[in-house]
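Here's the structure we're looking at; comments come further down.
The values are calculated or read from the model by the stated rules, or taken from the named source; none is laboratory data. Everything numeric here is computed off the predicted structure, so don't read it as measured data. Reconstructed Cβ throughout: ideal geometry from the backbone, glycine too, with neighbour counts over all protein chains shown. Ligands, DNA and RNA are excluded from the accessible area calculation, which covers all protein heavy atoms including side chains. Shrake-Rupley method; radii C 1.70, N 1.55, O 1.52, S 1.80 Å.
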Amino acid sequence: MTGESLGELKQWALELEQSGAKGKDVLLNPAAELIGRTFEVQTHEVAILGVTADGRFLRFLTPDNLRSVGQIPLSSVQSLASRTVRDKRPEMINNFSVVPHANVFEAVPQADRQRADPVQKIMSAPITHNHKVIGVVQVCRKGRTAAEAGSDFTLAQLHQLRTISETLAP
């Protein structure tokens with residue numbers, strides 16, 4: 001993410017915090033668009049999830065088509081997002097399609113398609129506040145095959161996602 005884009009994301013997060021949006025449904029589409037441009041992925045390939053108030057689940061804040069689909073138990077052993085919360089560290093998997101995972105969310109249709117392509121490559125980073133994980137940001141590359149999904153994510157990009165996750169924190 002360029003310094004200008006990171007600055008824009010920081011400004012957006014600051015304005016969000018100052019607006020007093022805590023506890024309300026917050027539309028994170030502007031953040032997802034910036035993150036998508038940074039990693040050259042579609043906006044629907046960016047997910048931001050928040051830990052529920054009871055601390056037992058993750059729920060999608062973006063993309064919009066997943067907001068009302070359901071929640072992910074933090075106890076799930078096959079969820080990368082849940083593992084990101086438990087381990088409090090970023091992770092990158094460039095062969096995600098062969099890794100056992102809950103793929104129920106991949107079956108949810110996008111607005112412009114019947115069914116989304118499967119996730120082939122993914123990065124995940126925790127969003128923390130006062131040393132507590134409050135959410136997760138994920139960036140993926142989808143396609144019918146790994147080659148069709150595009151290039152592998154790099155360690156530098158994972159570090160960049162971690163910086164972005166720190167920027168998203170209140």
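Here is a check on your reading of the model: is residue 68 outside any helix (DSSP H, G or I), open to solvent by 20 Å² or more (accessible area, probe 1.4 Å) and modelled with pLDDT under 85?
Taking the combined requirement at face value, the residue satisfies it.
Tell me, yes or no, whether the range 104-118 has at least one residue that is at pLDDT below 95, under 14 Å from the mean Cα position of the chain (by Cα) and either surrounded by 11 or more Cβ atoms within 10 Å (Cβ to Cβ) or aliphatic (A, V, I, L, M) (or both).
Checked against the condition, which is being at pLDDT below 95, under 14 Å from the mean Cα position of the chain (by Cα) and either surrounded by 11 or more Cβ atoms within 10 Å (Cβ to Cβ) or aliphatic (A, V, I, L, M) (or both), the range 104-118 yields at least one hit.
Given the conditions (1) open to solvent by 30 Å² or more (accessible area, probe 1.4 Å); (2) modelled with pLDDT under 60, report the number of the one that residue 13 does not fulfil.
Condition (1) is where residue 13 drops out.
Look at residue 41 and say whether it is exposed (fewer than 15 other Cβ atoms within 10 Å of the Cβ) and under 21 Å from residue 118 (Cα atoms).
The answer is no for residue 41.
Are any residues in the range 151-168 surrounded by fewer than 16 Cβ atoms within 10 Å (Cβ to Cβ) and in a loop (DSSP other than H, G, I, E, B), and if so, which ones?
151, 152, 154
Inspect all residues belonging to the range 53-61 and state whether any of them is within 21 Å of residue 166 (Cβ to Cβ), out of contact with any Pro (no Cβ under 8 Å at 6 or more places or on another chain), at pLDDT below 90 and not charged (D, E, K, R).
Yes; the residues of the range 53-61 include at least one that is within 21 Å of residue 166 (Cβ to Cβ), out of contact with any Pro (no Cβ under 8 Å at 6 or more places or on another chain), at pLDDT below 90 and not charged (D, E, K, R).
Just give me the residues in the range 130-150 being open to solvent by 40 Å² or more (accessible area, probe 1.4 Å) and polar (S, T, N, Q), in sequence order.
Once the filter is applied, which keeps residues that are open to solvent by 40 Å² or more (accessible area, probe 1.4 Å) and polar (S, T, N, Q), the range 130-150 yields 130, 145.
Just to be sure I understand, how many residues within the range 140-170 are farther than 16 Å from residue 95 by Cβ and among the hydrophobic types (A, V, I, L, M, F, W, C)?
5
Identify, by number, the condition in (1) surrounded by 18 or more Cβ atoms within 10 Å (Cβ to Cβ); (2) among the hydroxyl-bearing types (Ser, Thr, Tyr); (3) farther than 23 Å from residue 31 by Cα that residue 62 doesn't meet.
Against the list (1) surrounded by 18 or more Cβ atoms within 10 Å (Cβ to Cβ); (2) among the hydroxyl-bearing types (Ser, Thr, Tyr); (3) farther than 23 Å from residue 31 by Cα, residue 62 comes up short only on (3).
Within the range 71-92, track down each residue that is open to solvent by 30 Å² or more (accessible area, probe 1.4 Å) and in a strand (DSSP E or B).
Across the range 71-92, the qualifying residues are 71, 73, 91, 92.
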